[in-house]
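Take a look at the structure below.
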Amino acid sequence: MSELVISGLRATVAGREILRGVDLTVRSGEVHAVMGPNGAGKSTLSAVVMGRSGYEVTAGSVTLDGEDVLAMPTWQRAVAGLHLVMQYPTEVPGVALHDVMVEALGSRGRDTGSMRDRLVAEAGRIGFEERFLDRALNVDLSGGEKKRNETLQLAMLEPRIAILDELDSGLDIDALRDCSRRVEEMSNVTERPLGVLAITHYNRLLTELKPDQVHILVRGRIVASGGPELATTLETDGYAAFVEGSDDGGDEADTAAEPGSALDDLFRI
Ligand code: ADP
Ligand code: MG
């Protein structure tokens, strides 16, 4: 069993504090959804946990099975078992998926035999067309195909904990169902079930990918946590109640610097 523990995490980007004390624990087999308005810091949280450059951690800790994640370079975090499905998957011209998988599994000391057959089998499970397997990574793929491709890589790599940053963005209903269903399956297997941190705006991702807990992130803090019913409440009532409640009254300067930004964000969802 694995455990990702995020504790009191504060981080700045370009000199501005975006994460303002995040506490979150994700264990194998658990699905946690993080929801929140645009600009709340959701992608920043995923970037900081994976070690993307440009983000400075100013307080708190992130551990995976007790190991200090923040002390590791990004590749080592991946080898240790963290995986990020990016909101906007990167196109890598000239590099084939097959070769990426051979390198990635090889660096983890895992079996890289009969890769083609394994890729074909996995592609079949999530409706990723076999002909796309020979393309350069994500090149000339539609938004939905890219996310199927990302889900395929996730399934092949079998990390301990996966962070999905808006897996649902750019997906049609069929692709959304196939991808979220596959992730749900991974979280339910008996041997090494996947722990999931799913960042999303929409409850519809959560009909197939069933969260154990839903957390609401507003202005860099988790302001509410609850069961799946919390996502349903959001669908009808929006974030307004949580945004109002998020101000600790001590950071007028922040509000003044960006008048109405939180509310503007609400209308852009
Ligand atoms: P969310 O994913 O919740 O919509 P983000 O984490 O992407 O929000 O962004 C939170 C805030 O941090 C936004 O105001 C955004 O402009 C800012 N931000 C995020 N990444 C960067 C960056 N690399 N450079 C400058 N500002 C950034
Ligand atoms: Mg984002």
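Treating cross-link reach as a plain straight distance, find the aspartates and glutamates whose alpha-carbon is under 18 Å from the alpha-carbon of K210, omitting any fewer than eight places away in the same chain.
E30, D165, E166, D168, D174, D178, E184, E185, E229, E235
Any idea what diffusion coefficient region 1-91 gets from Stokes-Einstein, in µm²/s, Kirkwood Rh on alpha carbon pairs, 20 °C, 1.002 mPa s?
Result for D is 157 µm²/s.
With a 1.4 Å probe and every protein chain left in place, work out the accessible area per residue of region 7-90 in Å², rounded to a whole number.
42
Expressed as a whole percentage, what fraction of the accessible surface of the chain belongs to carbon and sulfur atoms when a 1.4 Å probe is rolled over the protein heavy atoms?
The C+S portion of the solvent-accessible surface of the chain is 50 percent.
Determine the sum of side-chain charges near L164: Lys and Arg each +1, Asp and Glu each -1, restricted to other residues whose C-beta is under 12 angstrom from that of L164.
Residues close to L164 contribute a combined charge of -2.
Got the relative contact order for the chain handy, in percent, Cα pairs under 8 Å and 6 or more residues apart?
26
Hey, any idea what Rg/Rh is for the chain, computing Rh the Kirkwood way over Cα pairs?
My calculation puts Rg/Rh at 0.97.
With each label point set 7 Å from Cα along the Cα-Cβ vector, what nm distance links R204 and V102?
4.0
Bin width 10 Å, alpha-carbon pairs only: give the P(r) of region 44-175 as whole percents, running from 0 to the bin holding the largest distance.
11, 40, 34, 13, 1
At a threshold of 8 angstrom on Cα-Cα distance, excluding pairs fewer than six apart, so keeping six or more, what relative contact order does region 117-243 reach in percent?
Relative contact order here is 19 percent.
With each run of n ≥ 4 DSSP H residues scored as -39500 (n - 2.57), what mean residue ellipticity at 222 nm is computed for the chain after dividing by its residue count and rounding to the nearest 500 deg cm²/dmol?
Result for the chain, helices only: -10500 deg cm²/dmol.
Could you check what % of the DSSP bridge pairs in the chain are antiparallel, to the nearest 5?
Restricted to the chain, the bridges split so that about 60 percent are antiparallel.
Report ³J(HN,Hα) in whole Hz for each residue of region 51-67, in order, from the Karplus equation J = 6.51 cos²θ - 1.76 cosθ + 1.60 where θ = phi - 60°; Gly and Pro get x.
Whole-Hz 3J(HN,Hα) from phi for region 51-67: x, 5, 6, x, 10, 10, 7, 9, 6, x, 8, 9, 10, 10, 6, x, 7.
Determine the distance separating the Cα centre of region 8-50 from the Cα centre of region 113-169; give it in Å without decimals.
Each part reduced to its Cα centre gives a spacing of 25 Å.
Which Cα, out of G106, V139, F128, lies furthest along the positive dipole direction of region 77-185 (beta carbon charges, K/R +1, D/E -1)?
The residue sitting most towards the positive pole is G106.
Can you give the accessible area per residue of region 143-245, in Å², using a 1.4 Å probe?
Here the per-residue accessible area is 39 Å².
Report, in whole Å, the centroid distance computed from the Cα atoms of region 216-245 and region 179-213.
19
Sort R52, R192 by accessible area with a 1.4 Å probe, largest first.
So, going from the largest accessible area down, we get R52, R192.
With contacts defined as alpha carbon pairs under 8 Å and 6 or more residues apart, what's the relative contact order of region 46-115 in percent?
Worked out over region 46-115, it gives 23 percent.
Given H placed 1.01 Å from N in the peptide plane, which residues other than close sequence neighbours of A59 have an amide H under 5 Å from its amide H?
Close amide H contacts, sequence-distant or interchain: R10.
The values are calculated or read from the model by the stated rules, or taken from the named source; none is laboratory data. What you see is a predicted model, and the numbers here were worked out from it, not measured in a lab. Don't worry about glycine lacking a Cβ; one is built from the backbone with ideal geometry, like all the others, and counts go over all protein chains shown. The area values use the complete protein model at the heavy-atom level, side chains included, leaving out ligands, DNA and RNA. Shrake-Rupley method; radii C 1.70, N 1.55, O 1.52, S 1.80 Å.
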